[in-house]
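Notes to accompany the following structure.
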Amino acid sequence: MIEEQRFPAEPDQLVHVRNFITRRATADSFSANLMDLLIAVSEACANAILHSGTREMVVRWTPEGDTVQITVEDQGVFRPNISVPELDGIGHRGIQLMLASMDEVAIRQGTRERPGTTVKLVKRKIRQPA
Amino acid sequence: MSFEIVEGDTPGRLRLVGELDLGSAETAEASIERRSREVLRLKLDLSELSFIDSSGVRILLRAFKELTDRGGMLVLEHPTEPVQRVFDLLGLAANGIVINTSPKADGGGSEGGR
């Protein structure tokens with residue numbers, strides 16, 4: 001079942017985003033994928049909170065057969081975060097984590113003229129061990 | 001569920017409990033950073049940490065750098081499956097961080113130092 005929820009773009013909302021995904025994944029038998037789904041969605045939302053300047057995020061859960069697509073939409077402007085090793089030592093790992101945990105990641109970037117970034121995350125169902 | 005840091009039986013031990021994400025990173029960073037400057041060998045018990053995101057990993061890597069720059073070490077103990085998954089996806093073990101994945105001895109973590 002397709003379901004979407006809106007969340008204020010605040011760091012303390014990430015736990016609620018993960019609760020939403022946990023509930024949907026359990027209901028639609030994506031439990032075996034849950035760890036990866038939580039990692040990717042949490043990173044996508046954290047990026048929106050940190051870098052887009054949006055006030056709100058829309059998280060949509062769309063199961064399609066053996067795959068699930070999750071989108072995270074904001075109304076902000078996409079600012080690719082460039083790590084500064086001297087300051088940071090390690091850089092930002094959010095997008096790396098999304099790529100590693102998902103089968104497909106697509107980012108449609110919001111611009112100044114047309115705000116609104118959408119991150120699309122796609123994961124194929126892992127069969128639950130019997 | 002929230003996040004908290006519990007003092008261990010020695011200054012070199014901290015227990016991370018709950019979910020470490022962007023929402024809890026500030027609290028976590030302050031105490032982990034301070035502690036990593038005070039000791040040479042820091043052990044973080046992750047057996048009750050149910051989630052970590054990239055901002056949490058960043059805190060661990062900073063502590064790792066702070067400690068190893070002074071010849072010390074960081075040991076991450078008993079990560080839960082979701083946390084280990086993040087470590088694996090980021091190749092954390094390859095960076096020289098010691099991750100002790102042996103099952104935790106029962107009794108709530110008061111075992112001394114065998």
(request) Determine whether segment B:27-45 contains at least one residue that is of a type in the set (Val, Ile, Thr) and open to solvent by less than 10 Å² (accessible area, probe 1.4 Å). (result) yes
(request) Mind listing whichever residues of segment A:34-51 are surrounded by fewer than 21 Cβ atoms within 10 Å (Cβ to Cβ) and more than 8 Å from chain B (Cβ to nearest Cβ)? (result) A:34, A:51
(request) Using the structure shown, decide if residue B:69 is open to solvent by 60 Å² or more (accessible area, probe 1.4 Å) and touching a residue at least 60 places away in the same chain (Cβ under 8 Å). (result) no
(request) Name the single residue, out of those in segment B:11-26 being buried (at least 22 other Cβ atoms within 10 Å of the Cβ) and among the acidic types (Asp, Glu), that is farthest from residue B:83 (Cα to Cα). (result) B:21
(request) Just one of (1) within 14 Å of chain A (Cβ to nearest Cβ); (2) under 27 Å from residue A:43 (Cα atoms); (3) exposed (fewer than 13 other Cβ atoms within 10 Å of the Cβ); (4) not polar (S, T, N, Q) trips up residue B:6, so point out which. (result) (1)
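The values are calculated or read from the model by the stated rules, or taken from the named source; none is laboratory data. All values derive from a computational prediction rather than experimental measurement. Glycine gets a Cβ as well: all are built from the backbone with ideal geometry, and neighbour counts include every protein chain shown. These accessible areas exclude ligands, DNA and RNA; they are computed on the full protein's heavy atoms, side chains included. Shrake-Rupley method; radii C 1.70, N 1.55, O 1.52, S 1.80 Å.
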